[in-house]
Protein chains: 4
Amino acid sequence: MADPLWPYCTPGIPDDRFERLPGIPMTELEVRMLILAQLRLRPDAVLWDIGAGTGTIPVEVGQLCPGGQIVAIERDEEVAGLIRRNCQRFGVKNVSVVEGSAPDCLGAIAAPSGGSLVDRSLPDCILIEGGQPLQDVLRSAWDYTRPGGRIVATTSSLEGLYAISEFLAELQARDIEVVQSAINRLQRRGIRQSFSAVNPTFILSGEKG
Amino acid sequence: MADPLWPYCTPGIPDDRFERLPGIPMTELEVRMLILAQLRLRPDAVLWDIGAGTGTIPVEVGQLCPGGQIVAIERDEEVAGLIRRNCQRFGVKNVSVVEGSAPDCLGAIAAPSGGSLVDRSLPDCILIEGGQPLQDVLRSAWDYTRPGGRIVATTSSLEGLYAISEFLAELQARDIEVVQSAINRLQRRGIRQSFSAVNPTFILSGEKG
Amino acid sequence: MADPLWPYCTPGIPDDRFERLPGIPMTELEVRMLILAQLRLRPDAVLWDIGAGTGTIPVEVGQLCPGGQIVAIERDEEVAGLIRRNCQRFGVKNVSVVEGSAPDCLGAIAAPSGGSLVDRSLPDCILIEGGQPLQDVLRSAWDYTRPGGRIVATTSSLEGLYAISEFLAELQARDIEVVQSAINRLQRRGIRQSFSAVNPTFILSGEKG
Amino acid sequence: MADPLWPYCTPGIPDDRFERLPGIPMTELEVRMLILAQLRLRPDAVLWDIGAGTGTIPVEVGQLCPGGQIVAIERDEEVAGLIRRNCQRFGVKNVSVVEGSAPDCLGAIAAPSGGSLVDRSLPDCILIEGGQPLQDVLRSAWDYTRPGGRIVATTSSLEGLYAISEFLAELQARDIEVVQSAINRLQRRGIRQSFSAVNPTFILSGEKG
């Protein structure tokens, strides 16, 4: 049997190992690691990833928590296919990709009327990387999160930083944390190696009391 | 039985969960995550951590890779005790703490003359967070690393950045990567929340051909 | 005659050339430069600096615009004295230090009933580095700014970033800009030189239509 | 008479006010401010700018020091023309643009055999933004700098950081400073405002004893 593509028990898959589609955002390695640090998933945890993009978080979490369940939610059919292919590529089997628009589709995920989702239950953690309008996504995500569970949200916009931060304060989330990543990578350009910046991302998190 | 202190399968233990000693450096959460991303440890990997400080990396790796072996190397007896206590605190059992000065002590670790270290073998990865002089530590570390294994080194100094970068180039390490972390954390000061910067750290890595 | 302390026509006075008081904030060199870039002062401009702290901006602006008028507003008597001494130190003569609490004291500055302030007029630019409550300071500052003039405000807090950004948008300021500085300085620690981060500051600016 | 394009006595010309050519580097506003802070030019100073690119530094310095002389050195004819046009655009008259390759052309600039350069003398400050090979440029620049004068050099590469830092240490430059800028700008993308990073630049400086 061939060696799996990521045979390691530590996360940190390089960006270029994933299949990509032009224009589809990818959570870059360094930001991905900072997100992982906020998820705090138990071995049997249920994670919903709203706006999963290229699927890097589902793949990493699928490998770190083989006994967990990850639901990747993407409204775009083509992107949903990309997430599925990236999961296959890394041999990750505990990710369900749901095509739908958050927050509308969340109810059906939480209370599936039979089928392969029947054993799914309320999430221990919801990661919000997309969805419109953000306030509604946040509100629904909060409602569906299990008590004691966590909300983690990323944004690179000022409006997003506002909305998420105010929302977590208003809902009286516990242990609210805000981290801004500003990573520089040394990259080869011709014969020179120059530092270039990975665009800054804010990662916010809090716990439902 | 009490819930373990970190019952999660994702890394990212908050800094304040560790026991600390005044003046002993600790690899802060965000930098720790970026280091973890470079280790690429297989389930049975052997990791040497030179200059392990508070022991945050041994604890996180011990949990991520329960089948691996971690050797934490610290010359200071008191700090070695701190690492042991932090491993106990988190229920991590696959970390051996060696009191010794790198590079001198590395030979004895690689070829132990009996005792509990007898089953130890050449490391798959060496993480260099300390040791003097740096050039000698790098050279020895490289020699002991298994072919195909990795060297990961951190520094916040210009001299360190030079020495490590030149060393990796000279030894023709493969896939050399240099990342500079520059994280801002939102921290409460009285009634206000201000962004403060985690001091920048360079993380360099490369593979032995 | 002795050489003046800063005989240069370029700004950029090193932090350690200023007299300091413990606990009194100082706008560090790099942040100061980014603030200067937003002021856009004509040779005869009037600048109000609310919460001038150590007085680094009044000193630099006083030298760059010898024909301008700078009003440094500080509620603390001791700090006001510090600003005066720093202006003397650098031979800057076009700074008036007003002891008072913004926004309450602004009216008296705008319309002085005689005395040495008689020739003062509405400011071309107001720099807001302090004052409480921020919303009221912003509102008053906006009202006093001459049409076509500018508001520049600095903050390191999330609340401040919110308040200033929303305020500028609501008042329909033109050319709103938000810059976040994240500077690393190489500093000598013993025999090593390490990079350390200057805490991040947001600088917001906009023009009154 | 029309208002000049930059009627202000404070530096900080927005990037989009300059004429640009595709592929020609421009020193962005925030980095430019940090460079200006290191130049320390007296009113009658002579500045050489090696690798002046778009000419933003000559324009800003030309305005800050109307009694100074700036020599902008560019080997590319088309770029030299761009610098001249940007100087004209801002009404800056004290910049001479020299077409030539540093370090070879520096001797002719220092000791011109008649002509319009006759009154030129050794520079008080040399700013190195380009030139090949870097070591030779540094060496020549150091030789031509007046005693007590300054060298300021920028780089975004690791090799450049090495070379400049070692050079300044070896030559025993005084007051060596290394600053790394890492600026984030809030930029409008459609209806959202996202933070994006200006690529990090190292600015090194030192004084000739």
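Only the coordinates and a few stated rules stand behind these numbers; no lab work does. Please read these numbers as outputs of a predicted model, since none were measured by experiment. Don't worry about glycine lacking a Cβ; one is built from the backbone with ideal geometry, like all the others, and counts go over all protein chains shown.
At a glance:
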| item | result |
| --- | --- |
| Derived scalar couplings ³J(HN,Hα) [the range D:60-70; Karplus, 6.51 cos²θ - 1.76 cosθ + 1.60; whole Hz; x for Gly, Pro] | 5, 5, x, 7, 6, 10, x, x, x, 10, 10 |
| GNM flexibility winner over chain B from B:Asn86, B:Asn94, B:Asn184 (Cα, springs under 10 Å) | B:Asn184 |
| Under the Karplus curve 6.51 cos²θ - 1.76 cosθ + 1.60, θ = phi - 60°, whole-Hz ³J(HN,Hα) for the range A:154-159, x wherever Gly or Pro sits | 10, 7, 10, 10, 5, 4 |
| Chain A residue with Cβ closest to the axis mapping A onto D, distance in whole Å | A:Ala197, 2 |
| Residue pairs, from the table B:Lys93/B:Lys208; A:Lys93/B:Lys208; A:Lys93/A:Lys208; C:Lys93/C:Lys208, whose Cα atoms sit over 30 Å apart | A:Lys93/B:Lys208 |
| 7 Å along Cα→Cβ, label-point gaps from C:Asn94 to other copies, nm, shortest first | 1.7, 6.9, 7.0 |
| Dipole-positive endmost among C:Leu82, C:Phe195, C:Gly148 within chain C (Cβ charges, Cα centre) | C:Phe195 |
| For B:Thr201, distant residues with modelled amide H under 5 Å away | B:Ser181 |
| Amide H contacts of A:Arg42 (H built 1.01 Å from N, under 5 Å, at least 5 apart or other chain) | B:Cys9 |
| Per-residue ³J(HN,Hα) for the range D:190-195, Karplus 6.51 cos²θ - 1.76 cosθ + 1.60, θ = phi - 60°, Hz, x for Gly and Pro | x, 8, 9, 10, 10, 7 |
| For chain C, built as a Gaussian network whose Cα springs stay under 10 Å, the top-fluctuating residue of C:Val95, C:Val179, C:Val46 | C:Val179 |
| Relative pair counts by distance (%), Cα atoms of the protein assembly as shown, 20 Å bins | 14, 42, 34, 9, 0 |
| Charge-dipole axis of the range C:25-207 as Lys and Arg at +1 and Asp and Glu at -1 on Cβ define it, positive-most pick from C:Ala173, C:Ala52, C:Pro123 | C:Ala52 |
| As computed over the range B:1-106, the Cα convex hull volume per residue (Å³) | 102 |
| Other copies of C:Gln187: label-to-label distances in nm, shortest first, labels 7 Å along the beta-carbon direction | 1.3, 3.1, 3.1 |
| Simple label model, 7 Å out from Cα along Cβ direction - A:Arg189 to D:Ala111, nm | 3.7 |
| Other-copy label distances relative to B:Leu21, 7 angstrom Cα-Cβ extension, nm | 4.2, 5.4, 6.2 |
| Candidates D:Glu28, D:Glu74, D:Glu159: whichever shows maximal mean-square fluctuation once chain D is modelled as a Gaussian network with Cα springs under 10 Å | D:Glu159 |
| Electrostatic dipole magnitude of the range D:25-207 [Cβ: Lys, Arg +1; Asp, Glu -1; Cα centre; debye, to 20] | 840 |
| Built amide H within the under 5 Å cut-off of B:Val71, gap 5+ | B:Leu47, B:Trp48, B:Asp49, B:Ser96 |
